[in-house]
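Here the structure comes first, spelled out in structure tokens, and everything after it is commentary.
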Amino acid sequence: MADTDTQAWQRVELRADVLTLLGKLAQSRQPVTLTQASRHYLSLLLTLDAQRDELLFDAPAGGFAKLKPRSLLDAQARVAGYGLRFATHVDSLVDDGSLITALPQWVEHAQRRRAHRVNVPRSMPIRATLFPLGGAPVRVRVTDISTQGFGAHVRGEMADEFHPGRVLDGAFGLHGSAFYAPITVRGVRRRGGEMAMGGEFARLDPEDRRTVEREVVELERYWRPRHAAVG
């Protein structure tokens, strides 16, 4: 089936980049949704204190009722066309009702995907082998694909081989054809004992691009009657 998620989330862990993204959020004065259990608070990030590793959020209508120190919060916002989300915890409530939380160690941000991705069913497996420089080859199961990149599941114990920005060589086995291409890791996320990763083709020659385009068309043909049956 076609991938309906138009956002490709990328985890950012470098402190300087985390500060940059949160600084843009504070400057933009865009609303931030803070979620704790089933409660939602609509707020603004007022200031970012890099010396104290603190964030200061404006008091929403009704205040931050029932929040306690160390409560975990999930934050989500949009800045300049991209999504931003992160987890933090309550530090303290200020007398004026505003909220101080901890600076997160990492954030996730997402930009709209530039190419249409199609999910790969388990009945039509696409396998790929990624080659970390100086490391052992890593086999992955491709879960979606486009002419720009792919998503894949990787065994959790191989997580140390992947981080956003890393460039790897890749060998991809499609149906009746194969190609090699360098890829750049764009995002990683743990799912139980597996890790989900997103990769971007760093370079595809014209013939390999046509190979991927044909694969996308075949997958679309596979999903089309199934969508019609559901509808």
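The values are calculated or read from the model by the stated rules, or taken from the named source; none is laboratory data. This one's a predicted model, so the numbers in the text were calculated from it and none came from an experiment. We place every Cβ from the backbone using ideal geometry, glycine too, and count neighbours over all the protein chains shown.
Scan the stretch 173-208 for residues that are touching a residue at least 40 places away in the same chain (Cβ under 8 Å) and in contact with a Ser or Thr (Cβ under 6 Å, 6 or more places away or on another chain) and the total you get is 1.
Out of 19, 25, one residue alone is modelled with pLDDT of 90 or more, farther than 30 Å from residue 119 by Cα and surrounded by 17 or more Cβ atoms within 10 Å (Cβ to Cβ). It is 25. Evaluated against (1) free of Cβ contacts under 8 Å to residues at least 24 places away in the same chain; (2) assigned by the TED database to the domain that holds residue 216; (3) among the polar types (S, T, N, Q), residue 148 falls short on exactly one condition, (1). From the list 122, 117, the one residue that fits, being in contact (Cβ under 8 Å) with a residue 40 or more places away in the chain, closer than 30 Å to residue 214 by Cβ, out of contact with any Cys (no Cβ under 8 Å at 6 or more places or on another chain) and not aliphatic (A, V, I, L, M), is 117.
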